[in-house]
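Okay, structure first, notes after.
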Amino acid sequence: MHEGPVVVFAGGGTGGHLYPALAIADALRRRRPDVRVVFMGATRGIESRVLPELGEEHFLLPVRGLDRGQRGAFWRAVPALAGSLLQA
């Protein structure tokens, strides 16, 4: 069992979320070598490619963004959201 603090970064889909989180994670590790950093993201997001390459601990969920301009997008996203909540 991990003794130090655990920090979870959650975001999804774009490098605009991922790369700042990676920079913060690196800074945390420099200040607190005992920190455990975990990333949560989307199976379709950039994190599904980048995090494994970097060897970062991560969990990917089958979530997707809502297309607010598309009629019925919310109701189509509900099953994926429910499945992601169960996995989390």
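Comparison of Ala42, Ala10 shows that the only residue that is under 10 Å from the mean Cα position of the chain (by Cα), surrounded by fewer than 17 Cβ atoms within 10 Å (Cβ to Cβ) and either farther than 14 Å from Phe59 by Cβ or at pLDDT below 95 (or both) is Ala10. Taken over the stretch 25-55, the criterion of being over 16 Å from Gly13 (Cα atoms), in a strand (DSSP E or B) and in contact with a Gly (Cβ under 7 Å, 6 or more places away or on another chain) is satisfied by Arg36 alone. Of everything in the stretch 2-12 that is in contact with a helix residue (DSSP H, G or I) (Cβ under 8 Å, 6 or more places away or on another chain) and part of a loop (DSSP other than H, G, I, E, B), the residue that is farthest from Thr43 (Cα to Cα) is Gly11.
The values are calculated or read from the model by the stated rules, or taken from the named source; none is laboratory data. Here the structure is a predicted model, which means the values were calculated and not measured. So basically every Cβ, Gly included, is an ideal-geometry build from the backbone, and we count neighbours across all protein chains shown.
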